[in-house]
Amino acid sequence: MKITLKIWRQKNRNTKGSFKMYALEHVSADMSFLEMLDVLNSDLIQKGEESIAFDHDCREGICGMCSLYINGRPHGPVQTTACQLHMRSFKDGQTITIEPWRASAFPVIKDLVVDRSAFDRIQQAGGYVSVNTGGVPDANEIPISKKIADEAFDAAACIGCGACVAACKNASAMLFVGAKVSQFALLPQGKPERKERVEKMVAQMDAEGFGACTNTGACEAECPKGISLTNIARMNREYFSSAISSYEVQSKGAD
Amino acid sequence: MKLDSKIPEGPLAEKWTKHKFNLKLVNPANKRKYDIIVVGTGLAGASAAASLAELGYNVKAFCFQDSPRRAHSIAAQGGINAAKNYQNDGDSVQRLFYDTIKGGDYRAREGNVYRLAEVSVNIIDQCVAQGVPFAREYGGLLSNRSFGGAQVSRTFYARGQTGQQLLLGAYSALNRQIANGKVQMYNRTEMLDLVTVDGKARGIVTRDLITGKIEAHSGHAVLLCTGGYGNVFFLSTNAKGSNVTAAWRAHKKGALFGNPCYTQIHPTCIPVSGDHQSKLTLMSESLRNDGRVWVPKVASPGLKAKDAKDIPESGRDYFLERRYPSFGNLVPRDVASRNAKNICDEGRGVGSGLAVFLDFADAIKRDGRKTIEAKYGNLFDMYRQITGDNPYEVPMMIYPAVHYTMGGLWVDYNLMTSVPGLYSLGEANFSDHGANRLGASALMQGLADGYFVIPYTIGDYLAGLPHAKISTDSPEFTAAVAKANATINKFLSIKGKKTVDQFHRELGLTMWDYCGMSRTAEGLLKAKTKIQALRAEFWQNVNVLGGADELNQELEKAMRVADFMELGELMVDDALNRSESCGGHFREESQTPEGEALRQDDEFAYVAAWQYMGENQPEVLHQEPLVFENVKLTQRSYK
């Protein structure tokens, strides 16, 4: 099949970017979306043009590195990661627009590559259970009901790609943060620190410049791992309950 | 050079305990005076960096990805072994030890493997305490499944995403130490060289992948936790960025490379769909519990999955069940892979010719679609997404693909390489899996090394060192920085006609054809010539556009491929030297009358450790004899 590509090119963080058009012939329906970009890049290099920078690594839909905004949707028309998207999801002759994630908390580094280190800093603010290596109880010491364990797993399945932020008109990170808060709020191991955790993570989220949540649900609809909005509700519950009962109320970015 | 494995004396079960007591300790107040560099943040690197920081050391950690959470450990699907015996089915440390050493075809050290089995139980405790959501039974206790040919259920899992959940656990521990200021994290930063001063590892040279800045970092010890080198084949189940650069540069600075030819080819991967193919996707080994592997008895070129139903039962060859009646479709990975290859070489492959069917029709008829969906739903969806075929209705097509490398930097019992102060952990080292790794053992080894081995063994080295900060102004650092800059400028000035990927694909094809699932002396010699010619052409004719001082993904790839070319030649040398068959290394010259791998224990019961001797010089082989005091060496049989 033949396709036309309209791709965002931007030299670096401080330079203004713009769309550029490319034509590709002989695209196979069995190609993955990223393989289609590999072919384009190879053509460009042969012509002496610099290749298009895009983030990718595992190409199995689990590392969360790929971050393409395709035809107005994070990861494109199928609810999966861009690396698992295949060209059979497009039509012969179609024009495909590819942009980076758009959010002020995710500045563009080059072309389609963005800086998602804000996500790491939110996790560093409290996304852990404070245990050192060694000296922990036997793994079967604390039984956890299957239902709770499964729910915690559903939340923990987040791959940290940032599609939720890219999908949201406010560039809110509530689904990402809610997923981690939920995982630890559900499990007995996370309970001792649950109040400080949610306060610190929300404060960091605000400090990074992510927007507020207005419950439109675009994040859930676009999440490649099907992380549920329930996690946002649970985070809100955790946050309000800790606000009225915690010893150490912290607020850095909210005022 | 004398290779001292430093395996402690005494009975197997007491070695590690005794050794821990004999290791020197660093006073808690002195730990903060030592700097440790950790390269790579997968299971081994993240767990080591977090654990060492918790002890009080200053850690600098590096990863080339945009976040430590993206290291390729994240893609491991099946599970992690541990000798907990929660199922009361006869498991023990001794049994896990035995299965692992036998599975490795008797080419690993008894002492290392026993320690691995011993600490496996602590890993599960640690992960649960971190909040890793393992699968559980209705009673609230942890669930186990059987895996990879073992006769007990000792595999802990988190659906088909065990690697992801374990890595996120280690990442959370790492984050806690970053927040505490004990770990300084460098994302999107790639190691380009090891710096040694007076024979000791004293630091590294890195490139900031965003700004292109070349920097020197010093430390009292350096840990390479940089994974395997399967991408030498271009097509593999590894992530696109996985590379050998850190390990290879360390090798060129004196670290011996152990058993480079030991490669694991995984039997159940999605076949190649065309020339555009950029990587291969694994379908979990667990599928072989219910799927039946077959091809038509009569060669049917181009047979599509949707037409498989037209082949009557009498026209099908379930070749694994036929050849191995007792293990059937559950033979170990190396055996399953080789058989699929042989069938396709006979011309009986389906689809492109390089594929066999993995059929769930009987399982669905027997257990119902719901049961199969509950077990494998996510894998079936993934298969459908990639191929466009629905495995509930037509058989899957599978073919073997490069998955894991058992070889790696040679290390002693303390995980130290032959360069004092340089350690290697996880897949990057050669140590625990011999010539073939069992399923669910990679996660176990990565975390064992990082959480429970290195925190003890590193103190023994550091305790003898002065704690003064190491300056990066010395001539060794300056020279390494200058060399890195020169290499980059060289690449940018070649301006040839071929892309980096073209060279990488050619290298991969040569490796796959001659140093893949089946090897001969004749083929290996041919491969050596081809690789040398390709390498010469690469340095004349590669085209790397863009600049040095910016994000330049072509430049990153070029530097990695340059190292793969050199490594490829060493793998061929090693495969040529080892004229026996063992585990994943199959030399056609050494097989039983039935066509199974035939070891030559008298001649080859040793670790092949290779020493770099300089540009275009043949490497020198050192042998570390493998001593077996606790197991009897037998021919593996799965008939």
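Just so you know, all these numbers are worked out from the coordinates, no wet-lab data involved. Keep in mind it's a predicted model, so treat the numbers as computed, not measured. Neighbour counts run over all protein chains shown; Cβ positions are idealised from the backbone, glycine included.
Structure above, values below:
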quantity	calculated
Backbone N under 17 Å from the residue B:184 label point (7 Å along Cα→Cβ), restricted to region B:4-38	B:32-38
Using alpha-carbon coordinates, inclination of helix B:162-179 to the longest axis of chain B, degrees	20 degrees
Residue A:15 versus residue B:367: modelled label distance in nm, points set 7 Å from Cα along the beta carbon direction	5.5 nm
Shielding by partners - mean other protein chain Cβ count within 10 Å, residues of B:135-144	5
Cross-link reach list, lysines versus residue B:20, counting only Cα pairs under 17 Å and skipping chain neighbours closer than eight places	B:6
Counting DSSP beta bridges with both ends in region A:3-110, the antiparallel % (nearest 5)	75 percent
Qualifying lysines (Cα of each under 16 Å from Cα of residue A:20; at least 8 residues distant if same chain)	A:6, A:11, A:47, A:110
Fully extended contour minus Cα-Cα distance, from residue B:601 to residue B:346, at 0.36 nm per residue	88.7 nm
Chain B, relative contact order in percent, only Cα pairs under 8 angstrom and at least six apart counted	20 percent
Difference of contour (0.36 nm per residue) and Cα-Cα distance, residue B:390 to residue B:275	39.1 nm
Nearby lysines by direct alpha-carbon distance to residue B:639 (threshold 28 angstrom, same-chain neighbours under 8 apart not counted)	B:102, B:297, B:341, B:365, B:375
Pairs from A:91/A:180; A:191/B:60; A:91/B:279 whose Cα-Cα separation, in the structure shown, is over 27 Å	A:91/A:180; A:191/B:60
Contour excess over end-to-end distance, with Cα ends at residue A:6 and residue A:78 and 0.36 nm allotted per residue	24.0 nm
Antiparallel %, DSSP beta bridges [both residues in the protein assembly as shown], to 5	70 percent
Neighbouring partner chain Cβ atoms per residue of B:411-420, average, 10 Å criterion	0
DSSP beta bridges in chain B [antiparallel fraction, %, rounded to 5]	70 percent
In nm, spacing of pseudo-spin labels at residue A:245 and residue B:525 (7 Å Cα→C-beta vector)	7.9 nm
Helix axis angle, B:521-541 relative to chain B longest principal axis, alpha carbon, degrees	50 degrees
Where labels lie 7 Å past Cα in the beta-carbon direction, separation of residue B:354 and residue B:32 in nm	5.7 nm
Degrees, to the nearest 10: B:333-345 long Cα axis against longest axis of chain B	60 degrees
